[in-house]
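Asks: Attaching a single structure in structure tokens format; questions to follow.
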Ligand SMILES: Cc1ncc(COP(=O)(O)O)c(C=O)c1O
């Protein structure tokens, strides 16, 4: 089969053209039984391929036909031995990677600034996380990846680890020397699992960092939906056999996946793969140029700074994906959240994320010069409007501290707990997650000792209006902590 073909999408179209009389789910039956306003809006085309795993349409849980063919084409395009389609986002693919290599009591080496799906999988599997400190950029207030030195140290101390997880590239586009990290891990026979949520496109252009498969990693959870043109929630899990078994991956992904898999999502993966394989290099090349143009323009605006290649050269910033346009606004003396709202109200612009000091705009093949110019124009006006507040902020920005882990996340999650007011929680062991979402990096994970610094960090984020999430008490007045058993008098 050639990369021009889309076995899954094409078969769905042929099936819909036959217009079969359907006595199976979904009960809307090609849209006839659905709310008319929704039908009108979404269109009969989409509804006609919103189908289910009947005989001719294969089954994601045991692919033997059109899904298998589509996955094989994806594996070829991504340089993997096997590709698994995920309709549970990259979160589902990440949980699969971890649960494939770890069982209860097994060690897994992970950077502390991981997405919540990684910590969820650690709780589900009962694995013990061995944390590596990510490199911190105190000027920008962001975390980068992990360095080769820290990987070397972690493996020297824990050669029995069952896996090493790497985020590559980071949300902000920085990549570590993944090839070297893989070489180090493989010298210990430890498989490398890559969170490639923000890097589906890097495989298709030589000016971008090496992809997980190019670097020789064993598994990669890759968000096709984020930057690769498929529909939201659709991702892939790429696997290289050797240290991991594809059969084991198939069983685990199946355990974590709905039995009612969306064919719209699956078809969008099939077609996104075709576009990336056939036109990827060209469209990504254009995207890189557009993003670099924006970066250049932003860097000419007073008080704003858009990092790029200038940050390369440290052990954790080995390479960079310029399509992530991170804009530091801290010299304007307002928060990223205020800028996010200002852009929404004044320019109808929605950014990918904001934090205390930055906003992040992602540039994809879906953008054109027109949108880029509007963004630059908006940022010029922003700089003028807040010029009176601006001052060079030399102070280092505030970042959450990495607390001590007193219990495994699973033991803490399932322990006997009680609820205490936040003001009385310092020093206690937390039993829930606390994070700012996006980006969803935990400030506390179950099992960690609550620190004063992180309580201040949470308060500062909440006061700035940023979305702190996780605890049962969504007003964050109390935390669930491990119950202390005092001696009985
Ligand atoms: C670094 C990272 N990993 C994993 C994920 C999870 O991806 P998904 O939303 O497709 O489940 C995200 C989502 O934002 C992410 O930023």
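FYI, it's all coordinate maths here, none of it is from the lab. Just so we're clear, the structure is a prediction, and the values are computed from it rather than from any experiment. All Cβ positions, glycine included, derive from the backbone under ideal geometry; neighbour counts span all protein chains shown.
Asks: Roughly what % of DSSP beta bridges within the chain run antiparallel, to the nearest 5?
Replies: 70
Asks: Kindly rank 223-230, 28-35 from highest to lowest mean number of other beta carbons found within 10 Å of each residue.
Replies: Highest-to-lowest ranking by the protection proxy: 223-230, 28-35.
Asks: Restricting to DSSP H runs of at least four residues, report the calculated mean residue ellipticity at 222 nm for the chain, -39500 (n - 2.57) per run over all residues, nearest 500 deg cm²/dmol.
Replies: Calculated at 222 nm, the ellipticity per residue is -11000 deg cm²/dmol.
Asks: Also, I was wondering about something else. How would you rank 61-72, 139-150, 462-473, highest first, on the average number of other Cβ atoms within 10 Å across their residues?
Replies: Packing proxy ranking, top to bottom: 139-150, 61-72, 462-473.
Asks: Next up: Region 289-437: Rg/Rh from Cα coordinates, Kirkwood Rh?
Replies: 1.08
Asks: Here's something else I'd like to know. Using only the Cα atoms, what convex hull volume per residue in Å³ does region 210-268 have?
Replies: Dividing the Cα hull volume of region 210-268 by its residue count gives 88 Å³.
Asks: Now a separate question. Using 7 Å Cα-to-Cβ label points, what is the residue 61/residue 341 separation (nm, one decimal)?
Replies: 4.7
Asks: Just to confirm my numbers, what's the Cα centroid distance between region 230-288 and region 448-489 in Å?
Replies: 37
Asks: Counting alpha carbon pairs within less than 8 Å and at least 6 residues apart, what relative contact order, in whole percent, applies to the chain?
Replies: Dividing the mean separation by the residue count of the chain yields 14 percent.
Asks: To the nearest 0.05, how large is the calculated FRET efficiency for residue 10 and residue 463 if R₀ is 41 Å and r is the Cβ-Cβ distance?
Replies: 0.15
Asks: Rounded to the nearest Å, what's the spacing between the alpha carbon centres of region 152-210 and region 81-139? Just the number, please.
Replies: With region 152-210 and region 81-139 each reduced to a Cα centre, they are spaced 12 Å.
Asks: Right, here's the next one. How much length is gained on full extension from residue 487 to residue 54, taking 0.36 nm per residue of separation minus their Cα-Cα distance?
Replies: Computed gain between residue 487 and residue 54 is 149.7 nm.
Asks: How large is the Rg to Rh ratio of the chain when both quantities use alpha carbon positions and Rh follows Kirkwood?
Replies: Using Cα coordinates only, the ratio equals 0.98.
Asks: Mind checking the full-extension length gain between residue 293 and residue 156? Use 0.36 nm per residue of separation minus the Cα-Cα distance, one decimal, nm.
Replies: 45.0 nm
Asks: How much length, in nm to one decimal, is gained on full extension between residue 387 and residue 41, taken as 0.36 nm per residue of separation minus their Cα-Cα distance?
Replies: Taking 0.36 nm per residue and subtracting the Cα distance, the gain is 120.1 nm.
Asks: Please work out the ratio of the alpha-carbon Rg of region 411-470 to 2.2 N^0.38 Å and round it to two decimals.
Replies: Compactness ratio reported: 1.09.
Asks: Hey, another quick one. Put a dot 7 Å past each Cα toward the Cβ at residue 348 and residue 333; how far apart are the dots in nm?
Replies: 3.3
Asks: Tell me, what is the percent relative contact order of region 159-242, built from C-alpha pairs under 8 Å that lie six or more residues apart?
Replies: Across region 159-242, relative contact order equals 26 percent.
Asks: Okay, next question. How many times 2.2 N^0.38 Å is the alpha carbon radius of gyration of region 146-278?
Replies: 1.10
Asks: At 7 Å along Cα-to-Cβ for each site, give me the label-to-label distance between residue 377 and residue 232 in nm.
Replies: Roughly 2.7 nm, to one decimal.
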